[in-house]
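A short worksheet on the structure shown next.
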Amino acid sequence: SLSVFVATGGYIHYNTKVLNEFTGRDESLDRQAEYERQFVQYEDANIPIVTKANALVDIYPEERRIEATAEVVVENKRDTPITRALVSIPRHTPEWHIDIPGAQVVEIIDEFNSAWLEFDEPMMPGEELAGSVSVVRDHAGFKDRGFDLMVAENGTFINNYELFPIFGFRGDLLISDRHERRKRDLPERPRANKLEDTSKYAQSFFGPGVGFIDFETTISTSADQIAIAPGYLQKEWVENDRRYFHYKMDAPMVAFYSFLSARHEVKRDEHNGVNIEVYYDPKHDWNVDIMIQSVKDSLDYFEAEFGPYQHKQMRIIEFPGYRSFAQSFANTVPYSEVIGFTADLRNSEDIDYVYYVTAHEVAHQWWGHQLGAADVQGSAILSESLSQYSAIMVLQKRYGENMIRKFLTYELDRYLRGRSSELLEEMPFMRSENQQYIHYRKGSVVMMSILDRLGEERLNAALEQLMTDFRFKSDPYPTTLDLQAALNAQATPEEQAFIADIFEQITLYDLKVDEVETAPLEEGYEVTITVSGAKYAADGQGMETEQPLEEWVDIGVFNSDPSILTDDSQVLYKAKHKIVSGENTITVTVAEKPLYVGVDPFVKLIDRDSGDNVKRL
């Protein structure tokens with residue numbers, strides 16, 4: 001009836017416009033622009049750095065509410081005094097408080113979820129202060145957009161930067177779209193600090209003010225849930241129908257941590273002194289063993305090749321499919337149900353992406369948590385591309401080279417699609433500006449192409465040396481210049497030129513099998529292959545210029561489709577041949593009649609169209 005409609009409309013209005021302010025897209029962008037105008041001048045201002053945190057976190061899942069207090073120690077780590085600091089308040093935080101002796105909040109800017117903290121006396125270089133921050137994260141009414149997906153009735157997952165106030169200007173809140181910036185008369189803004197900007201080498205890619213901290217936490221939750229955070233469980237108890245967990249790290253860790261709570265089952269294992277635990281919904285148990293096996297295989301390979309694992313446990317925790325990613329914190333990996341726990345892996349010919357994603361997240365315990373990166377261009381190469389490579393190697397040891405061909409074909413396709421939809425400018429590999437299609441997709445192919453040139457022993461020796469030089473170091477953090485130098489130390493001059501080509505330029509290849517002739521011999525077949533080759537250098541807008549091609553490239557002859565190889569007997573011939581620009585003729589002899597011939601059949605180069613690299617006879 002009309003009366004019900006009106007009443008319902010009023011109820012919806014109250015929940016979405018009163019309890020939860022509605023903000024349209026243009027209004028939100030306008031607010032971002034105004035935030036930038038008011039505060040960008042403080043982007044490089046000195047801020048207090050948290051060096052110690054002891055968090056008391058009470059999670060109320062049924063009410064979708066968190067009450068939390070963190071006792072912290074902050075330090076002035078730079079050589080200039082701090083008189084005041086900009087503070088950013090997380091969304092969905094109606095109550096918050098900062099208590100640092102000798103400092104007070106002097107201004108609150110609700111429009112931008114920001115505030116100014118002012119010190120009675122300047123905080124001097126090297127000075128430390130103990131204090132606390134408190135928050136209430138609450139869910140009131142319901143929204144028509146901007147839902148709080150981090151606090152759930154069964155499956156809370158939130159990190160410290162989403163829960164607690166943080167010091168400093170928030171560059172991640174700015175408008176990146178050039179068109180929207182121009183509409184609001186905002187100046188051009190680089191996506192990343194220049195690779196050569198040494199003033200940023202002491203700043204972590206995690207963000208300003210993120211270093212290593214001493215950490216412990218006590219979390220309470222509903223009696224039927226398990227609460228988890230980085231660290232080792234010191235004590236567990238039940239009080240007033242609530243369940244408590246006390247975790248503590250035994251060494252400094254990156255100041256990036258998470259809090260989780262859900263009704264979980266736990267499967268436990270142990271591998272070479274490392275406790276492995278997977279926390280999962282009881283209805284989602286079918287991929288748990290795959291995750292555990294991947295953790296074991298990853299620990300074995302990474303410790304052997306890159307150095308010791310810094311922890312005595314590794315935990316994987318399922319969270320709801322409202323969000324679809326996995327993320328690596330110290331010895332703790334929250335993992336979305338939709339990309340792992342409910343994945344259908346029954347087709348054995350498909351890529352086992354549960355095994356792969358698990359290996360990738362374990363790899364971040366080395367690339368990201370042991371070895372950081374300076375906050376300049378290419379930072380994600382050191383964390384993501386090296387984790388991609390590490391996980392691919394574990395995947396290859398378990399499933400063989402055919403699985404890697406499928407994986408690299410997929411990654412190459414995603415890279416080519418990504419660059420075709422680039423809105424600003426594609427950057428060379430070593431200067432990637434947090435462009436996922438570069439540091440994830442292209443990163444996989446680039447690292448495997450370097451593996452193809454240097455071999456596993458020399459490539460891993462380079463990465464181990466990089467790790468040795470920068471393990472747990474923060475002043476300076478490494479850059480892709482250091483990665484390139486480590487690779488060059490293991491490479492011949494010809495290999496160094498190849499590395500420079502794929503690191504410093506946007507290099508594309510166009511290889512194709514044009515013709516194949518076979519002739520029977522008394523024993524076997526003679527195969528004459530005509531291959532056309534070309535090489536291009538592209539600029540950031542995709543304009544290509546042809547370059548001379550002179551490259552050693554795999555030529556393969558097969559008795560079955562190389563995309564579905566099951567064993568080495570199907571590879572009749574595989575060797576590298578020098579391919580130059582234009583037409584190339586190669587003659588080889590094989591023991592049996594070939595059915596497929598390919599140039600770069602295992603996808604070791606960035607080819608504009610890898611679909612014509614293999615020809616069926």
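Brief remarks on what is shown
- Counted residues, segment 271-315 - those being aliphatic (A, V, I, L, M) and under 12 Å from Q365 (Cβ atoms): 4
- Residues being buried (at least 17 other Cβ atoms within 10 Å of the Cβ) and in a loop (DSSP other than H, G, I, E, B) - total across segment 203-262: 15
Residues are listed down the side, and each one gets a yes or a no for (1) buried (at least 17 other Cβ atoms within 10 Å of the Cβ); (2) assigned to a strand (DSSP E or B); (3) without any contact (Cβ under 8 Å) to a residue 24 or more places away in the chain:
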{"residue": "A534", "(1), (2), (3)": "yes, yes, no"}
{"residue": "G540", "(1), (2), (3)": "no, no, no"}
{"residue": "T545", "(1), (2), (3)": "no, yes, yes"}
{"residue": "I555", "(1), (2), (3)": "yes, yes, no"}
{"residue": "L572", "(1), (2), (3)": "yes, yes, yes"}
{"residue": "T587", "(1), (2), (3)": "no, yes, no"}
{"residue": "G598", "(1), (2), (3)": "yes, yes, no"}
{"residue": "F602", "(1), (2), (3)": "yes, no, no"}
{"residue": "L605", "(1), (2), (3)": "yes, no, no"}
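- Selection within segment 451-495: residues that are more than 21 Å from E303 (Cα to Cα) and among the β-branched types (V, I, T). The member of this set that is surrounded by the fewest Cβ atoms within 10 Å (Cβ to Cβ) is T492.
- Of the strands (runs of 3 or more DSSP E) lying entirely inside segment 67-185, those containing at least 2 residues that are within 25 Å of Y244 (Cβ to Cβ) span 95-99, 128-137, 156-159.
- Subset of segment 496-519 [over 23 Å from F602 (Cα atoms) and either in a helix (DSSP H, G or I) or touching a residue at least 60 places away in the same chain (Cβ under 8 Å) (or both)]: E504
- Condition check for G524: at negative phi, small (G, A, S) and surrounded by 14 or more Cβ atoms within 10 Å (Cβ to Cβ): no
- Those residues of segment 415-438 which are surrounded by fewer than 16 Cβ atoms within 10 Å (Cβ to Cβ) and in a helix (DSSP H, G or I), in sequence order: R417, S420, Q436
- Flag for R268 being touching a strand residue (DSSP E or B) at 6+ places or on another chain (Cβ under 8 Å) and surrounded by fewer than 17 Cβ atoms within 10 Å (Cβ to Cβ): yes
- Scanning segment 207-237 for residues that are among the charged types (D, E, K, R) and farther than 21 Å from V151 by Cβ yields D214, E216, K235, E236.
- The number of residues in segment 298-319 being more than 21 Å from L371 (Cβ to Cβ) and touching a helix residue (DSSP H, G or I) at 6+ places or on another chain (Cβ under 6 Å) comes to 2.
Each reported figure results from applying straightforward, stated rules to the coordinates on display, with no laboratory input. Source: prediction; values computed, not measured. Ideal geometry is used to build each Cβ from the backbone, glycine not excepted, and the neighbour counts take in all protein chains shown.
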